[in-house]
Amino acid sequence: MLSLIYEIAYALWFILPAYVANAFPVIFGGGVAIDLGRKFNDGKPVFGSHKTVRGFLAGLIAGFLVSVGQSILLQYFILSDFVLPFQFNVLIGSMIALGALMGDLVHSFVKRRIGLVEGSPLPVADQLDFVVGAILFSLLVSVSPPLITILLVFAITLPLHLLTNFVAYLLGVKKTPY
């Protein structure tokens with residue numbers, strides 16, 4: 001049982017920059033759309049008005065700062081004896097954050113192509129797009145975390161994402177509960 005708790009802790013540690021990067025655009029977004037309101041060759045928005053420069057930068061900066069904090073904790077403070085089953089440093093954490101944001105953009109691009117308007121649900125993909133991007137981008141600068149870490153990230157993220165979206169909806173931060 002203790003081993004499973006450690007594995008869950010490792011998974012959360014690994015994906016934390018992505019969680020933060022994914023949440024910050026919801027809170028700090030708005031302003032100029034990343035696609036500048038342009039349409040793709042199919043006449044539909046590239047990403048849509050909900051994907052903004054301010055939100056993207058807020059997510060990227062927040063994810064970077066979380067990575068810095070994690071690295072400091074690992075190197076200098078109470079977690080210096082904490083041995084992770086995968087590599088982690090500021091670069092990896094930053095790539096995880098960037099990957100989360102890029103995964104969300106790719107997902108938005110695909111939703112526009114299949115005719116879904118902004119805010120329309122695409123179950124499971126809506127909850128896991130940023131995780132896929134985060135994991136893929138982490139591989140650009142590091143070896144893959146253990147399979148158990150990746151599987152736990154997916155297993156934890158789906159219900160956690162639904163719960164946090166519902167709370168954000170209740171708080172008035174999001175227009176939809178999903």
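Things to note:
- Residue within the range 106-121 that is among the hydrophobic types (A, V, I, L, M, F, W, C) and closer than 16 Å to G93 by Cβ present: no
- Positions within the range 153-178 being in a loop (DSSP other than H, G, I, E, B) and touching a Pro at 6+ places or on another chain (Cβ under 6 Å), in sequence order: Y178
- Any hit, the range 21-39, residues being over 25 Å from G172 (Cβ atoms), in contact (Cβ under 8 Å) with a residue 24 or more places away in the chain and surrounded by 21 or more Cβ atoms within 10 Å (Cβ to Cβ): no
- For the range 22-53, a residue qualifies if it is assigned to a helix (DSSP H, G or I), among the hydrophobic types (A, V, I, L, M, F, W, C) and closer than 20 Å to A134 by Cβ, and the qualifying residues are A23, F24, V26, I27, F28.
- Any hit, the range 137-148, residues being among the aromatic types (F, W, Y) and surrounded by fewer than 16 Cβ atoms within 10 Å (Cβ to Cβ): no
- Top-ranked residue of the range 1-53 - restricted to ones that are small (G, A, S) and farther than 20 Å from G63 by Cβ, ranked as farthest from the chain's Cα centre (by Cα): G43
- When F86 is tested against the conditions (1) without any contact (Cβ under 8 Å) to a residue 40 or more places away in the chain; (2) under 27 Å from Y6 (Cα atoms), the lone failure is (1).
- Filter pass, I150 being part of a helix (DSSP H, G or I), within 18 Å of Q87 (Cβ to Cβ), modelled with pLDDT of 90 or more and not basic (K, R): yes
- If you go through the range 62-79 and keep only what is more than 18 Å from A9 (Cβ to Cβ) and surrounded by 16 or more Cβ atoms within 10 Å (Cβ to Cβ), you end up with A62, G63, F64, L65.
- Every residue from the range 92-140 that is under 18 Å from K39 (Cβ atoms) and either assigned to a helix (DSSP H, G or I) or among the hydrophobic types (A, V, I, L, M, F, W, C) (or both): L105, V106, S108, F109, V110, K111, R112, R113, I114, L116, V117
- Residues considered: G119, G93. Of these, the only one that is in contact (Cβ under 8 Å) with a residue 60 or more places away in the chain and over 17 Å from the mean Cα position of the chain (by Cα) is G119.
- Test: residue in the range 127-136 that is surrounded by 15 or more Cβ atoms within 10 Å (Cβ to Cβ), farther than 16 Å from A11 by Cα, of a type outside the set (K, R) and under 16 Å from the mean Cα position of the chain (by Cα): yes
The values are calculated or read from the model by the stated rules, or taken from the named source; none is laboratory data. Since the structure is predicted, the reported quantities are computational estimates derived from the model, not experimental observations. Cβ sites come from the backbone with ideal geometry, for glycine too, and all protein chains shown count toward neighbours.
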